[in-house]
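Quick note: the coordinates plus some simple rules give every number you see, no bench work behind them. Quick caveat, the model's predicted, so the values are computed rather than measured. Note: ideal-geometry Cβ built from the backbone for every residue, glycine included; neighbour counts use all protein chains shown.
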Amino acid sequence: MRYYVTVDGKSMEVDLTGDAPVVDGQRVEAELSRVPGTPTLHLLADGRSHVVVATRRDRHNLELHLNGERYDVEVVDERTRAILAMTGQGAIAKGPRPVRAPMPGLVVRVNVTPGDQVEAGQSIVIIEAMKMENDLKAEAAGVVERVATEAGQAVEKGAVLVEFRAEAEDG
């Protein structure tokens, strides 16, 4: 099966039809296994071991935690991608999705204010959870619409912290 994966605004094609994954035309030595009874995955990629925690947000979107970093990931198979393209649904979301708390924690710092222009991958909010600071980033360029939290505030998992609107398009 062939998938189209978008991570922090960067898209890549992942082909899983052969004996090894192929990412953007390059063969990758990788194995992925589930740790039984947990949401944790073990990834062995190019001889390096990684612990991955994956949470499904909806049918095509995941939140991944890898090596202390949080990533919003969209995964669409080639059939679904073709259907979305034909129906025009692939072009609906232009700006980043809201930044949400990945787990209960304490907001340490908010790096944006309403009206700020942000780029994909830009640090938006720092939250402390389980004695670790998590840098929550914008997944795409946009403009901060609303900041729904402040430093020192305790937040629950899934709480909306910052909302965006799409960048104004030229033309």
(Q) What whole-number distance in Å separates the alpha-carbon centres of the range 105-171 and the range 1-59? (A) 26
Q | Dipole of the chain, positive end: most advanced residue of 101, 20, 37 [Cβ charges, Cα centre] | A | 37
Q) In percent, how large is the relative contact order of the range 99-165, given Cα pairs closer than 8 Å and 6 or more residues apart? A) 43
Q | Cα-centred dipole magnitude for the chain, charges only on beta-carbon of K, R (+1) and D, E (-1), debye, nearest 20 | A | 500
Q. Rounded to whole Å and sorted largest first, what semi-axes of the equivalent ellipsoid does the C-alpha gyration tensor of the range 2-91 yield via the square root of 5 times each eigenvalue?
A. 24, 17, 12
Q) What area, in nm² and to one decimal, does the C-alpha convex hull of the chain cast on average over all directions? A) 11.7
